[in-house]
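In what follows, a single structure is set out as structure tokens and then discussed.
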Amino acid sequence: MPNVYIETMGCQMNKSDTERMLGMLSSLGYEETKNPKEADLLMVNTCSIRQLSEDKAYSTIGLWGKWKKEARPHIKIGLCGCVAQQKAKEIFKRAPYVDFVLGTHKIYSLPDIIKLINEGERVCECTETNATEDDRAKNFEIKRVKSVNAWIPITEGCNNFCTYCIVPYTRGRERSRTPELIVKEAKDALSQGFKEITLLGQNVDSYGKDFKDKNYRLADLLKELNALEGKFRIRFVTSYPTDITDELIQTAKELDKVCEYFHIPMQSGNSEVLKKMNRRYDRETYGEIVKKVRAAIPDVTITSDFIAGFPGETEEQFLDTLSAIDEFELDYSNTAAYSPREKTVAAKWVDKYIPEKEKTERLARLNKKVQENCLKSNQKYLGREMEVLIEGFENHKGTNIITGRTRNNKIVHIPCDTDRTGEFATVKITDCKTWYLNGELV
Ligand code: SF4
């Protein structure tokens with residue numbers, strides 16, 4: 001049986017695509033290996049959100065190309081994902097040892113591509129499509145990574161065109177998948193033993209806006225999923241602040257399986273910078289949305305994303321980002337220094353670029369603020385009893401521990417000698433660290 005190794009970079013959407021590609025390859029007789037040196041087919045599923053991730057993809061295929069040239073001429077190499085969608089045939093010039101390039105829009109072409117490369121052809125399939133589904137998806141099972149959480153994409157692409165972001169160019173315009181398919185995938189995952197469903201999209205709360213034949217939005221989908229039998233949890237990421245409707249907040253509050261967790265990227269705490277980023281809200285509007293969610297849903301965790309050193313960002317404007325994290329009591333934030341991406345509007349503002357040293361220094365201060373707030377947020381739960389879904393079991397420095405997450409997405413470590421992965425446990429929080437809580441089984 002031929003072996004396939006897929007290296008997945010970037011976001012959960014890529015991880016979900018990898019699970020689908022592994023399903024297609026398994027139907028062709030490929031077996032997954034975790035060791036690239038054993039693989040007959042090597043694929044990298046790339047991310048182009050930052051230059052660093054793009055560079056990493058090139059260095060990965062560069063190494064595989066060396067193996068192919070020096071010792072294993074039979075291996076086939078494929079580059080997929082966002083870098084593929086963006087660069088298409090250019091990849092062949094840069095890396096002549098690559099056998100196929102497959103963009104994000106046409107992953108269901110993979111079986112046809114494998115057939116062609118095995119006949120000696122080189123293939124580039126990066127055409128864009130507006131289709132949301134592909135009949136070929138029915139021909140294989142998704143090979144989900146063994147875990148308690150199943151990722152299910154509900155939308156693909158984005159229409160927002162934030163000036164720093166490459167996603168609309170790599171994932172295309174926003175398309176919602178049909179509720180029927182999503183519910184089917186959720187039922188399949190639950191019957192396989194998954195205990196948590198995370199609905200995925202660049203902008204999940206605009207789900208359904210593009211349906212011409214029905215009025216069906218994220219709140220409707222949550223209700224339909226919540227009605228499925230059994231004990232499990234539902235999460236959804238990522239939310240665009242101004243697309244969070246009162247109906248969505250109310251629905252999230254009322255449905256027992258929907259977790260108390262919202263990821264609401266703010267990107268900057270300064271209204272001027274937000275305007276330059278083409279975000280459709282200012283600092284005050286963002287604050288009102290966060291307050292509304294907090295008022296409706298007790299113990300909700302609200303996380304965010306921030307960029308340090310956006311072109312033209314002044315020190316004062318950067319300080320507004322730090323103060324926003326405090327003012328809106330953001331529980332945790334993903335952070336990054338601004339990285340110019342080809343084709344985006346902000347990348348053209350070269351004369352406004354912030355020097356690397358300054359960006360790095362701002363990022364360090366931003367990270368420090370995130371850490372402080374994360375600890376503060378965790379300390380609120382000392383002494384509380386919380387429901388934890390156990391995700392793993394390990395021996396840590398001689399002690400057996402189980403690790404899991406609360407409904408509001410806090411990681412908890414619990415001493416325990418038995419593997420209880422997949423179970424729901426009641427845990428008393430005994431200690432709070434910056435990135436996790438310690439607890440004991442009740
Ligand atoms: S909302 Fe903005 S940051 Fe998010 S994917 Fe769309 S363009 Fe990118």
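Run the dipole for segment 69-213 about the Cα centre, Lys and Arg Cβ at +1, Asp and Glu Cβ at -1, nothing else charged, and hand back the magnitude in debye, nearest 20. Display every interim value, and only then the final one.
Numbers: 24 positive and 21 negative charges, 94 e Å.
Rounded to the nearest 20 debye, it is 440 debye.
What does the net charge come to around Lys66 if you take all other residues with beta carbon closer than 14 Å to its beta carbon, with K and R at +1 and D and E at -1?
On the way: positive: Lys37, Lys68, Lys69, Arg72; negative: Glu70.
Value of the local net charge: +3.
Beta bridges from DSSP with both residues in the chain: antiparallel share about 35 percent, rounded to the nearest 5. Converting phi to 3J(HN,Hα) with the Karplus coefficients 6.51, -1.76 and 1.60 and the offset θ = phi - 60°, segment 252-261 yields 4, 5, 7, 7, 5, 8, 7, 6, 7, 8 Hz in sequence order, with x at every glycine or proline. Of Lys187, Lys89, Lys380, the residue with the greatest mean-square motion in the GNM of the chain, using alpha carbon springs below 10 Å, is Lys380.
Separation of the alpha carbons by more than 27 angstrom is noted, of Lys89/Lys352; Lys397/Lys428; Lys56/Lys89; Lys146/Lys214; Lys34/Lys195, for Lys89/Lys352; Lys146/Lys214. Listed by chain and number, the aspartates and glutamates placed with their C-alpha closer than 17 angstrom to that of Lys93 are Glu54, Asp55, Glu121, Glu125; residues fewer than eight positions away on the same chain are left out.
Taking Arg341, Arg217, Arg94 in turn, the Gaussian network model of the chain (Cα-Cα springs below 10 Å) assigns the largest fluctuation to Arg94. Were the residues from Asn278 through Asp213 laid out at 0.36 nm apart, the gain over their Cα-Cα distance would be 20.4 nm.
Could you order peptides 25-31, 346-352, 77-83 by the average number of other Cβ atoms within 10 Å of their residues, highest first?
Working: 25-31: 15.6, 346-352: 13.4, 77-83: 27.1.
Highest mean packing first, the order is 77-83, 25-31, 346-352.
Running a GNM on the chain with Cα contacts under 10 Å, which residue among Asn408, Asn226, Asn130 ends up with the highest mean-square fluctuation? Maximum among the listed residues: Asn130.
Can you sort Asp99, Asp220, Asp419, Asp243 by how many other beta carbons sit within 10 Å, fewest first?
Numbers: Asp99 23, Asp220 16, Asp419 13, Asp243 19.
With the sparsest Cβ surroundings first, the list reads Asp419, Asp220, Asp243, Asp99.
Annotation for segment 91-144 versus segment 275-303: alpha-carbon center distance of 39 Å.
If contacts are Cα pairs under 8 angstrom and at least 6 residues apart, what is the relative contact order of segment 1-101 in percent?
On the way: 153 pairs, mean separation 27.7, N = 101.
Relative contact order for segment 1-101 comes out at 27 percent.
Please work out whether segment 385-441 counts as rounded, prolate or oblate from its C-alpha gyration tensor, where a ≥ b ≥ c are the square roots of the eigenvalues and a/c under 1.5 means rounded, while otherwise a/b larger than b/c means prolate and anything else oblate? Could you put the intermediate results ahead of the total?
Values: a/c = 1.64, a/b = 1.18, b/c = 1.39.
Oblate is the answer for segment 385-441, as a/c is 1.5 or above yet b/c matches or exceeds a/b.
Amide H contacts for Glu260 (H built 1.01 Å from N in the peptide plane; partners 5 or more residues away or on another chain; cut-off under 5 Å): Asn408.
For every helix of n ≥ 4 consecutive DSSP H residues, a contribution of -39,500 (n - 2.57) applies; sum these over the chain, divide by its total residues, and give [θ] at 222 nm rounded to the nearest 500 deg cm²/dmol.
Details: 13 runs with 148 residues, N = 442.
Value at 222 nm, helices only, nearest 500: -10000 deg cm²/dmol.
Ranking Pro36, Tyr5, Thr60 by how far each Cα lies toward the positive end of the dipole of segment 3-125 (charges on Cβ) leaves Thr60 at the top. Exposure proxy ranking for Leu228, Leu218, based on other Cβ atoms within 10 angstrom of each Cβ and starting from the fewest, stands as Leu228, Leu218. Net charge around Asp419, counting only other residues with Cβ within less than 14 Å of its Cβ (Lys, Arg = +1; Asp, Glu = -1)? Local charge sum for Asp419: -2. Here is the short version for the chain: Cys11, Cys47, Cys80, Cys82, Cys124, Cys126, Cys158, Cys259, Cys374, Cys416, Cys432 have no other Cys C-beta closer than 4.7 Å. Each part gets one Cα centre, and for segment 313-358 versus segment 204-227 those centres are 33 Å apart.
Under a Cβ-Cβ cut-off of 15 Å, what is the net charge of the residues other than Ala308 that fall near it, where Lys and Arg count +1 and Asp and Glu count -1? Walk me through the numbers on the way to the answer.
Values: positive: Arg50, Lys276, Lys352, Lys357, Lys359, Arg362, Arg365, Lys368, Lys369; negative: Asp305, Glu313, Glu315, Glu316, Asp320, Glu356, Glu358, Glu361.
That sum, taken over residues with Cβ under 15 Å, equals +1.
The ranking of Leu389, Leu441 from fewest to most other beta carbons within 10 Å of each one's beta carbon is Leu441, Leu389. Here segment 33-141 is assigned +1 on the Cβ of each Lys and Arg and -1 on the Cβ of each Asp and Glu. Its dipole about the Cα centre then comes out at about 540 debye. With 29 Å as the limit on Cα-Cα distance, the pairs of Lys187/Lys343; Lys138/Lys410; Lys292/Lys359; Lys15/Lys231 that go past it are Lys187/Lys343; Lys138/Lys410; Lys292/Lys359.
Where a number appears in this text, it was derived from the coordinates with a stated rule and is not lab data. Bear in mind that the values here come from a model prediction, so they are computed numbers and not experimental data. Reconstructed Cβ throughout: ideal geometry from the backbone, glycine too, with neighbour counts over all protein chains shown.
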